[in-house]
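The values are calculated or read from the model by the stated rules, or taken from the named source; none is laboratory data. Just so you know, these numbers come straight off a predicted model, no measurement behind them. Cβ sites come from the backbone with ideal geometry, for glycine too, and all protein chains shown count toward neighbours. Heads up: the accessible areas ignore ligands, DNA and RNA and are worked out on the full protein's heavy atoms, side chains in. Shrake-Rupley method; radii C 1.70, N 1.55, O 1.52, S 1.80 Å.
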Amino acid sequence: MKILIVDDEPDTVAFLTMLFEDNGYAVVSTTNPNRVLDLIREESPDLVTLDLLMPNKTGVRVYRELRTHEYFAGLPVVVISGANQGDYIPHNSNGNNSPVQAPDAFIEKPVDSFVLLETVRRLTTATAEKPL
């Protein structure tokens, strides 16, 4: 299983990389939110962790792009952020009045490693069990 980590804080990327690799996951990461869609196409991750508060392009904008493009729509996304969960993703609109699916999970910073790993295991197991 491969995880794409998207966070503008190098320390957070290093922590998450070590956590996931120590638990048997392959990891791809970026601190540049503008690279996310290309990295997903290139690396085919099984799950994305996404920070919301990033410069230049927010995680909310990246999330909207993921959920409104058919190619990315089924990819599990775990939002990892210090932002308040209630303020993060639009409830029912992507700007075109069509629904935007809520993230698969929301983990607040500072990250509880056990909760994050259990969430990732649950989501990657559910994805792997889906019929083709």
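Which far-off residues, 5 or more places away or on another chain, put their amide H under 5 Å from the one on Ala105, with H placed in the peptide plane? For Ala105, the qualifying residues are Val77, Val79.
Of the accessible area of segment 47-86, computed with a 1.4 Å probe over protein heavy atoms only, carbon and sulfur atoms account for 47 percent.
Descending by average beta-carbon neighbour count within 10 Å, the peptides 23-31, 45-53 line up as 45-53, 23-31, the highest first.
If you take all other residues with their beta carbon under 11 Å from the beta carbon of Met54, and give Lys and Arg +1 and Asp and Glu -1, the sum is -2. Counting 0.36 nm for each residue step from Asp112 to Asn34 and taking away their Cα separation leaves a gain of 25.4 nm. Residues in segment 34-46 carry Karplus couplings, in order, of 6, 9, 4, 4, 5, 5, 5, 5, 6, 9, 6, x, 8 Hz; the curve used is 6.51 cos²θ - 1.76 cosθ + 1.60 with θ = phi - 60°, and Gly or Pro positions show x.
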